[in-house]
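Here's the structure we're looking at; comments come further down.
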Amino acid sequence: MAGNILRIGLATPLLRLFDYRCPVQGDGHAAGRGKRVVVPFGKQTRIGIIAAITESSAIPAAKLRTAIRVIDAEPLLDESIMALLEWAADYYRHAPGEVMAAALPALLRKGGAVDATESIWHATEQGRNVDSKALARRAPVQARIIELARDKPDGVDDGVLSVAGSTWRTAAAKLIDKKLLDRSQRRIDPLTITGPANGQSIESPPTPTDAQRTAMDAIMAANGFAAFLLEGVTGSGKTEVYLRCIERELEHGRQSLLLVPEIGLTPQLVDRFRRCLATGIVVLHSGLNDTERLTAWRAARDGSAGVIIGTRSAIFTPLPNPGLIIIDEEHDASLKQQDGFRYSARDLAVWRARQLDRPIVLGSATPSFESLENANAGRYAKLCLPERPGSARQPEVRLIDLRVQPCKDGLTEPLRIAIGRHLSNDGQVLLYLNRRGFAPSMMCTSCGQLVECRRCDARLVFHQQRARLVCHHCGVEHAVPNECAECHAPDLLPVGQGTERLEQALTDLFGQYPIVRIDRDTTRRKGEIERRLELVRSGEARLLLGTQMLTKGHDFPNVTMVAIIDADQGLFGTDFRSSERFAQSFIQVAGRAGRGDRPGEVYIQTLFPDHPLLLTLVAEGYDRFAAQAMAERKLAGWPPYSSLALTRAEATQRHTAFDFLAEARDLAAQLINSGRFTGVRWLGPAPAPMERRAGRYRGQLLIQADTRGQLQRFLSEWRPALDNLKSARKARWSVDVDPAELF
Ligand code: ADP
Ligand code: ZN
């Protein structure tokens with residue numbers, strides 16, 4: 001790369017890079033791709049990433065500004081990460097500077113040093129012999145510092161010296177001047193989480209089952225890029241397969257990257273990896289502070305971590321010695337970022353594996369239709385773990401017909417009996433209800449009016465413990481009114497079931513057994529979810545109820561019975577993915593039953609026990625269900641049999657949002673009618689299903705294409721042109737490529 005023009009990614013919403021002249025030499029480091037650089041931006045300065053060095057710029061020389069300083073001696077983002085980011089910015093049509101920023105830990109984004117160091121203070125020979133009592137009379141803080149450092153041959157850090165008094169830094173500087181104290185820099189230990197401590201032995205693995213052996217052999221035989229879809233029911237031993245394959249990579253000195261959904265990243269999972277693998281393991285997730293995140297990132301980048309476990313954004317972690325990439329629970333919607341830079345970590349991972357020429361494993365009990373289709377088309381090799389190892393068996397499933405069984409507080413008679421039976425047989429019972437709060441609505445029994453949010457097209461949810469009505473969409477809270485706002489009758493009644501109400505009903509019926517509720521309300525405090533999960537794992541909690549949070553990969557060995565309180569919530573969604581999502585959470589919840597050596601039972605309460613989807617799922621399992629549902633998708637032309645980009649717009653004035661969408665539609669129509677974009681069509685604009693949210697009106701326009709290639713060609717012209725529309729500055733809008741949810 002020759003030239004003296006830098007093309008720089010700056011974190012702005014613009015879909016382009018910014019040109020600057022190379023900084024004056026002698027100040028900072030030489031320019032290079034992937035290094036950070038400080039540049040003037042308006043009246044301020046900003047930190048950007050150098051994407052390229054070229055000889056010419058479209059910007060007139062007189063207007064071209066000069067960069068101030070290159071921060072890094074070595075590129076922070078290596079060539080392979082830069083290539084990934086460039087591809088991602090292009091594919092998701094997102095501002096390249098923001099994409100690059102997303103790949104860096106916050107401290108580095110703000111210009112911090114890669115090598116975090118700390119000061120270490122030593123008393124000099126002279127300092128050790130000084131008469132501190134005499135010193136104390138003139139300079140008490142200096143004397144205390146000498147006392148603190150005097151007998152410490154390894155030196156002491158800032159934290160120790162700071163005890164000497166608030167002026168300790170000035171005092172320490174004076175001691176250095178007097179040659180009584182020395183200071184050196186020490187690098188902070190890069191590993192936040194290490195493998196087994198010295199001398200501690202690695203847990204020896206169980207003998208693999210035949211199915212595990214076949215899967216491991218296939219993955220280990222891959223020499224270069226290969227994609228595997230590992231389909232195994234919950235508890236079938238997928239994690240065991242990951243561990244053995246990672247171990248093999250470690251033997252060859254290669255690092256592995258494991259991506260998991262946020263909620264699946266439990267201390268148990270990390271502990272298991274630490275017990276089973278002799279290497280440094282770092283964990284990257286949203287709960288880290290900036291320093292912890294940088295430290296983990298650095299341990300990956302300098303190769304000292306052999307395993308990197310992380311959520312979505314860990315896909316951007318540098319891997320100098322790349323080995324295996326694994327996406328666990330690859331169907332999980334949290335792998336797709338839902339705001340800002342809307343990328344799919346799963347899809348980026350496959351791209352990255354191909355570019356690194358390394359194998360990738362996508363694991364799930366309920367694979368996404370996208371991945372099943374890739375397997376059907378021969379792009380992924382499918383590996384199956386059909387059974388649980390040992391004596392654990394798949395549970396028995398029973399449907400309870402809500403049309404004939406009366407239901408009190410969400411529980412029918414057969415369900416109450418079954419719960420009682422499992423509890424008295426020392427079993428543990430899990431109840432799934434994906435609705436938090438006490439009741440999803442408040443109704444006036446005189447006039448039938450429901451209490452609605454003033455800012456959203458939604459009902460307020462009654463939370464009894466807090467005695468509030470809460471909007472789950474905008475967060476607004478009100479005191480519970482004494483009377484109906486319409487007819488003023490004092491007859492407001494909570495209708496429907498939420499987890500809070502169910503917990504109360506269970507306490508009334510089975511109060512002698514410890515109950516644990518897990519939903520967003522009970523786990524707000526830091527560490528609370530871990531504490532509650534541990535109560536379940538240890539067997540101390542006997543009744544467990546909760547929302548979606550329970551459906552993700554937790555291993556609860558003592559659960560013998562699972563109940564789905566209301567299956568009908570998921571059966572009739574509006575999104576084309578509703579049935580897929582329903583089946584996935586259904587199978588995931590049911591899979592919590594009978595993981596140990598006792599057989600499990602699953603009860604499902606529904607008003608539609610004849611629903612074909614439910615019947616296929618219960619009688620024939622996820623694969624048969626998926627085959628049927630995919631055939632329907634194919635007929636309807638939805639993904640994976642087409643590609644989508646969803647434009648969402650919102651504004652406080654309804655027409656502002658829809659004017660923009662109409663202009664965007666007209667532009668699309670113009671391009672498509674030119675005949676240059678076959679296979680591309682638009683749907684809408686249409687109001688979002690919840691048109692008003694937090695006081696803003698929302699609408700959407702869908703672009704659909706037969707293939708990814710067609711969609712990308714269209715977007716490459718249409719998307720940049722949207723920025724120039726008159727209405728584009730007035731509405732808040734975004735384009736979501738491969739949206740996870742249409743509504
Ligand atoms: P998954 O990741 O598919 O949910 P795990 O790997 O966590 O499954 O395995 C479930 C349980 O079975 C774990 O307790 C694990 O230790 C155990 N297990 C896995 N493979 C074997 C095996 N081959 N023999 C005996 N136990 C096994
Ligand atoms: Zn609201």
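Contact map, region 464-479: first residue over 17 Å from GLY498 (Cα atoms), second residue modelled with pLDDT of 90 or more and within 16 Å of ligand 1 (Cβ to nearest atom), Cβ cut-off under 6 Å, separation 6 or more or different chains; the map is empty. If you check VAL37, VAL70, VAL24 for being aliphatic (A, V, I, L, M), open to solvent by 50 Å² or more (accessible area, probe 1.4 Å) and more than 24 Å from PRO720 (Cβ to Cβ), only one passes: VAL24.
Residues that are within 8 Å of ligand 1 (Cβ to nearest atom), outside any helix (DSSP H, G or I) and open to solvent by less than 20 Å² (accessible area, probe 1.4 Å) within region 207-243 comprise GLY232, THR234, SER236, GLY237, listed in sequence order. Taken over region 507-527, the criterion of being β-branched (Val, Ile, Thr) and either within 11 Å of ARG542 (Cα to Cα) or open to solvent by 50 Å² or more (accessible area, probe 1.4 Å) (or both) is satisfied by THR507, ILE515, VAL516. Scanning region 435-472 for residues that are assigned to a loop (DSSP other than H, G, I, E, B) and within 11 Å of ligand 2 (Cβ to nearest atom) gives CYS453, ARG454, ARG455, CYS456, ASP457, ALA458, LEU460, CYS471, HIS472. Restricting ALA333, ALA349 to those that are surrounded by fewer than 23 Cβ atoms within 10 Å (Cβ to Cβ), touching a helix residue (DSSP H, G or I) at 6+ places or on another chain (Cβ under 8 Å) and small (Gly, Ala, Ser) reduces the list to ALA333. Listed here are the strands (runs of 3 or more DSSP E) enclosed by region 307-376 that have at least 2 residues being under 20 Å from GLN584 (Cα atoms): 322-328, 359-364.
Would region 542-549 turn up any residue that is in contact (Cβ under 8 Å) with a residue 12 or more places away in the chain, within 20 Å of GLY232 (Cα to Cα) and among the basic types (Lys, Arg)? Scanning region 542-549, I find no residue that is in contact (Cβ under 8 Å) with a residue 12 or more places away in the chain, within 20 Å of GLY232 (Cα to Cα) and among the basic types (Lys, Arg), so the answer is no.
Quick grid of which residues meet (1) at pLDDT 95 or above; (2) surrounded by fewer than 17 Cβ atoms within 10 Å (Cβ to Cβ); (3) of a type in the set (A, V, I, L, M):
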position	(1), (2), (3)
ALA30	no, yes, yes
ARG33	yes, no, no
ALA51	yes, no, yes
SER57	no, no, no
ASP78	no, yes, no
LEU84	yes, no, yes
ALA88	yes, no, yes
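Mind checking which residues of region 98-119 are buried (at least 18 other Cβ atoms within 10 Å of the Cβ) and hydrophobic (A, V, I, L, M, F, W, C)? Listed by number, the residues that qualify are VAL99, MET100, ALA101, ALA102, ALA103, LEU104, LEU107, LEU108, VAL114. On the stretch given as region 289-300, residues that are open to solvent by less than 50 Å² (accessible area, probe 1.4 Å) and in contact (Cβ under 8 Å) with a residue 60 or more places away in the chain total 6. Of everything listed in (1) part of a strand (DSSP E or B); (2) out of contact with any strand residue (DSSP E or B) (no Cβ under 6 Å at 6 or more places or on another chain); (3) of a type in the set (A, V, I, L, M), the single unmet condition for ALA52 is (2). THR311 fulfils the conditions (1) in contact with a Gly (Cβ under 8 Å, 6 or more places away or on another chain); (2) open to solvent by less than 40 Å² (accessible area, probe 1.4 Å) except for a single criterion, (1).
Evaluation of LEU14 against the conditions (1) of a type outside the set (Lys, Arg); (2) closer than 17 Å to ALA88 by Cβ; (3) buried (at least 21 other Cβ atoms within 10 Å of the Cβ) shows that the sole unmet condition is (3). The residues of region 253-286 that are in contact (Cβ under 8 Å) with a residue 60 or more places away in the chain, of a type in the set (Gly, Ala, Ser) and either closer than 21 Å to ILE81 by Cα or assigned to a loop (DSSP other than H, G, I, E, B) (or both), listed by number, are GLY253, SER256, ALA278, GLY280.
In this structure, is GLY475 within 16 Å of ligand 2 (Cβ to nearest atom), buried (at least 19 other Cβ atoms within 10 Å of the Cβ) and on the phi > 0 side of the Ramachandran plot? Against the criterion (within 16 Å of ligand 2 (Cβ to nearest atom), buried (at least 19 other Cβ atoms within 10 Å of the Cβ) and on the phi > 0 side of the Ramachandran plot), GLY475 does not qualify. Among the residues of region 656-676, the one identified as open to solvent by 70 Å² or more (accessible area, probe 1.4 Å) and within 34 Å of the chain's Cα centre (by Cα) is ASP659.
Residue count for region 255-282, restricted to those that are open to solvent by less than 10 Å² (accessible area, probe 1.4 Å) and among the aliphatic types (A, V, I, L, M): 7.
Among the conditions (1) open to solvent by less than 10 Å² (accessible area, probe 1.4 Å); (2) in a strand (DSSP E or B); (3) in contact with a Ser or Thr (Cβ under 9 Å, 6 or more places away or on another chain), LEU383 misses just one, which is (1).
The values are calculated or read from the model by the stated rules, or taken from the named source; none is laboratory data. Just so you know, these numbers come straight off a predicted model, no measurement behind them. Cβ coordinates were reconstructed from backbone atoms using ideal geometry, including for glycine residues, and neighbour counts include every protein chain displayed. The accessibility values were calculated without ligands, DNA or RNA, using every heavy atom of the protein model including side chains. Shrake-Rupley method; radii C 1.70, N 1.55, O 1.52, S 1.80 Å.
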